[in-house]
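What follows draws every value from the coordinates through simple rules; no lab data is involved. Quantities reported herein were computed from a predicted structural model and do not represent experimental measurements. Don't worry about glycine lacking a Cβ; one is built from the backbone with ideal geometry, like all the others, and counts go over all protein chains shown.
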Protein chains: 2
Amino acid sequence: MNIPKLSCPRIVIIGGGFGGLSLAQKLSKKDVQVVLIDKNNYHTFQPLLYQVSTGGLEPDSIAYPIRKVLKDYSNFYFRLADVQEILPEEKSILTTIGDLNYDYLVIATGSETNFFGNKEIEKNAMAMKSIPQSLNLRSLILENFEQALLTDEMHERDALMNFVIVGGGPTGVELAGALAEIKKGVLPKDYPDLDTRRAQINLVQSGDCILPGMSKKASEKAEEFLEKLGVEIWTNIRVTSYDGKVVTTKTDLTFNSATVVWAAGVMGATIKGIDAEELLVRGNRIRVNEFNQIPNYPDIFAIGDVACIENKDTPRGHPMMAQPAIQQGKNLGENLARLLDGKALKPFAYKDKGSMATIGRNKAVADTKNFKFQGVFAWFVWMFVHLFFLIGFRNRAIVFVNWVYNYIRFDREARLIIRPYNRDYSQFKD
Amino acid sequence: MNIPKLSCPRIVIIGGGFGGLSLAQKLSKKDVQVVLIDKNNYHTFQPLLYQVSTGGLEPDSIAYPIRKVLKDYSNFYFRLADVQEILPEEKSILTTIGDLNYDYLVIATGSETNFFGNKEIEKNAMAMKSIPQSLNLRSLILENFEQALLTDEMHERDALMNFVIVGGGPTGVELAGALAEIKKGVLPKDYPDLDTRRAQINLVQSGDCILPGMSKKASEKAEEFLEKLGVEIWTNIRVTSYDGKVVTTKTDLTFNSATVVWAAGVMGATIKGIDAEELLVRGNRIRVNEFNQIPNYPDIFAIGDVACIENKDTPRGHPMMAQPAIQQGKNLGENLARLLDGKALKPFAYKDKGSMATIGRNKAVADTKNFKFQGVFAWFVWMFVHLFFLIGFRNRAIVFVNWVYNYIRFDREARLIIRPYNRDYSQFKD
């Protein structure tokens, strides 16, 4: 890997998401060598992936080069690689570009889509956890409309314009809202020779309400907003399979659909080597103590989505969102400094900043500790918070321009099939 | 293809580039049915592709949805398809989504990279004529720097940081200048553990000067600007092959390079069916008369890069650039209306608006009919003209934000490897 051996301890961080980056920033002034490894050379701002999928934003505006985050820190090294295995006994990791020793290792690998072992759904449904996946979904949606134009067979045409989003959490709700807005504002103009009113957006939720992690008020209001936009909400319906054409459920209900998005669950993206049975808890997350330390491995830590701090306040761990990851990253940064100074560690205390979801223009819901609010004000807060947490001035400026434009023009202009999803990529070399 | 048969004549346009779109716009108020076919659902603003390759712009900001251009016109149809063959006898075309009859056919397919039959160069060098190609080049450049970090073998490391751009026309010059700016402004910060001063940018030109299509003054000044930026210019050197590692030339000179960009020539992108030997002239362009009509095919026309109007003023046809395409599209739009009214056609008269090339910040060269100027003013004119010709307010705003940011910060922030070039794409489905 060509990383020099320094006299100070080496901290290896796997993953440049919210957790990994906030940890790296905390360590920037400490006397340590930091090696950050990620399979992408960029940080992804996951909360806005659904806007990439629906043509509202370009992918480059929600991604940020990791090297640029680290450029002002000394003793920081970035390496573009996949980590294949951890060898705790040798205090080293194996990666696609060689192996590397560590003094301390931090697993900040985040989460991946959880298909709950259903191979057929995994094969045929779209996921939306990365930029390439979001671009694939964008292409598929547009390709299906182009395809719908070409057929006179009503049944086939309807299936091509029928969207099924499985999972009523924030991702599913935001995607359903964005699709409903496209149906209203973009499709009738783009496809005048197609009866786009027949396009359907179905949001299928296994539980009895959408946004189950939020307040009852938020959940009800989100449902109302979505229905106003024309989204069909199906609660208490569990999807059992999808063969690429028909979605089946535990009930008699089926959907003929060419576009199924699986937003029904995520699970920790663990790495071989420490995933001993006793460590993994619900959701494939690694059980850690209140210092984010993995039991029996005092020099290995896990933060963010992949980590689960089980205690009486959070029997199932913290929510798999940006805030716990950022806060755990910061706390661990301080704790690693304390560890090196021989001081006692400080347990992680989560400061719940609330949660929110946007449904469409002027429509969002927000829960904070003291206030729960919905509608226009929540929507403005949502935008402000997302702009604030985006990394980089350029990204903020470009997202802002896009949002202003989309708001004024009722439009989504990034509806380009840059790399077709259905077709063979190889032909696009030329 | 599911296009209704109307009582008015059907004009089929193949290609949504500068020529095809300007023709479509001219026809918007005529009593005709227009079908525009393109293999992409977007128009590409090719003059800025080099900025996508070098991380200065996101691809979405130089592409524009074709459907959006046509949305306000009645009787306009867009179809996403590859045209495979023209059957002039049957007045129809064969495409990947079926066949279609036409009353008038316009070939506006533009140009593609000309490797002059050299299969080895075609296989190993990068081209930059489309957005996917430009993104591939961006990824390759960044991947090679990541790779350079991992090797201690000096020779290999140098090859990974050694760029060879073949062709000293505007594309080659602009790309070389942009790479030189990245070398100065971005690489030392991004790769502190790499001696990026050893990175080399070579511009290889077979003729005795760069920008041969422009004035002597422009050519000399461009050369001076590039040398100031540290680009090595090699004139009178003809590249003979590239095996993926070594570039060979007609002289003893060779280059060890992992990144070779072929910008040495373009040729008309013709379609099977009318490419009879006698019609194709130099550069694989279709010989047309002064009305852009193809000899012996009174109902088939060709415009833009793929067409060659041979007369005494332009014995080799008009330059393969945006302006002749736009102007021919407009003229043909008027001529088709005249044809339908039984009036005499108007021969195409090219109004040369001049040409320009940008080398770097505050550095551009411009030739117009009456003035030739270089430096800061030319650079501002270049930016203004390019913003003006970009389609869409959003695109202009976003390109403008990027340029201001890049100018102030000496940065290029879109340096993201979104779809790795070297690796297998299939693994990025998940």
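The Rg/Rh ratio of segment B:119-264, with both radii computed over alpha carbons and Rh defined as the Kirkwood radius, is 0.95.
Shown for residue A:252: label points 7 Å from Cα along the beta-carbon vector, and their distances to the equivalent points in the other copies, 8.8 nm in ascending order. If both residues of a DSSP beta bridge must be in segment A:119-264, then about 30% of such bridges are antiparallel. Here A:7, A:111 are placed in order of increasing Cβ neighbour count within 10 Å, fewest first, which gives A:7, A:111.
Using the Kirkwood formula over every pair of different C-alpha atoms, what hydrodynamic radius in Å results for segment A:266-316? Answer for segment A:266-316: a Kirkwood hydrodynamic radius of 10.8 Å. In nanometres and ascending order, the distances from the residue A:385 label point to those of the other copies are 4.9 (point 7 Å from Cα along Cα→Cβ). The string of couplings for segment A:219-234 from the Karplus curve (6.51, -1.76, 1.60, θ = phi - 60°) is 4, 5, 5, 4, 4, 4, 4, 5, 5, 4, 7, x, 7, 8, 9, 10 Hz, one whole number per residue in order, with x for Gly and Pro.
Computed from backbone phi with θ = phi - 60° and the Karplus coefficients 6.51, -1.76 and 1.60, the 3J(HN,Hα) list for segment A:280-291 is 7, 10, 2, x, 6, 9, 8, 6, 10, 7, 6, 9 Hz; x is used for glycine and proline. Charge tally around residue A:72: other residues with Cβ under 12 Å, Lys/Arg +1 each, Asp/Glu -1 each, net +4. Rounded to the nearest 5, the antiparallel percentage of DSSP beta bridges internal to the protein assembly as shown is 50%. Computed over the Cα atoms of the protein assembly as shown, pair by distinct pair, the Kirkwood hydrodynamic radius stands at 29.0 angstrom.
Under a GNM of chain B (C-alpha, springs under 10 Å), which listed residue has the highest mean-square fluctuation: B:53, B:134, B:355? Between B:53, B:134, B:355, it is B:355 that shows the largest mean-square fluctuation.
Checked against a 20 Å cut-off, the cross-linked pairs A:71/B:363; A:312/A:351; B:29/B:343 give Cα-Cα distances beyond that limit for A:71/B:363. In a GNM of chain A with a 10 Å cut-off on Cα contacts, which of A:253, A:105, A:194 has the highest mean-square fluctuation? Answer for the Gaussian network model of chain A: A:253.
The calculated FRET efficiency for the pair residue B:122 and residue A:282, based on their C-beta separation and a Förster distance of 60 Å, comes to about 0.65. In chain A, the longest principal axis of the Cα atoms and the axis of helix A:322-340 are about 10 degrees apart. Across the alpha-carbon atoms of chain A, the computed radius of gyration and Dmax are 22.4, 74 angstrom. Other residues whose C-beta falls under 11 angstrom from the C-beta of residue B:42 contribute a net charge of +1, scoring Lys and Arg +1 and Asp and Glu -1.
Of the three principal axes defined by the Cα atoms of segment A:1-54, the extents in descending order read 49, 24, 11 Å. Result for chain A in a Gaussian network model with C-alpha springs under 10 Å: among A:278, A:143, A:181, the largest mean-square fluctuation is at A:278.
Segment B:21-77 and segment B:222-247 have Cα centres separated by 34 Å. Counting only DSSP H runs of at least 4 residues, each contributing -39500 (n - 2.57), and dividing by the residue count of the protein assembly as shown, the helix-based mean residue ellipticity at 222 nm comes to -9500 deg cm²/dmol. Here the spin labels are modelled as points 7 Å beyond Cα on the Cα-Cβ line, and at residue B:296 and residue A:228 they lie 6.6 nm apart. I need the Kirkwood Rh of segment B:10-168: take the reciprocal of the average 1/r across all distinct C-alpha pairs and report it in angstrom. 18.2 Å is the Kirkwood radius here.
The angle between the Cα long axis of helix B:131-149 and the longest principal axis of the Cα atoms of chain B comes to about 10 degrees, rounded to the nearest 10.
Here each label is just a point 7 Å from Cα along the line to Cβ, and for residue A:25 and residue A:380 those points are 2.6 nm apart.
Within segment A:250-327, the trypsin sites (Lys or Arg not before Pro) that combine a DSSP coil assignment with at most 10 other C-beta atoms in a 10 angstrom radius are A:312. Sorted from closest to farthest, the other copies place their residue A:235 label points 7.6 nm away, with each point set 7 Å from Cα along Cα→Cβ.
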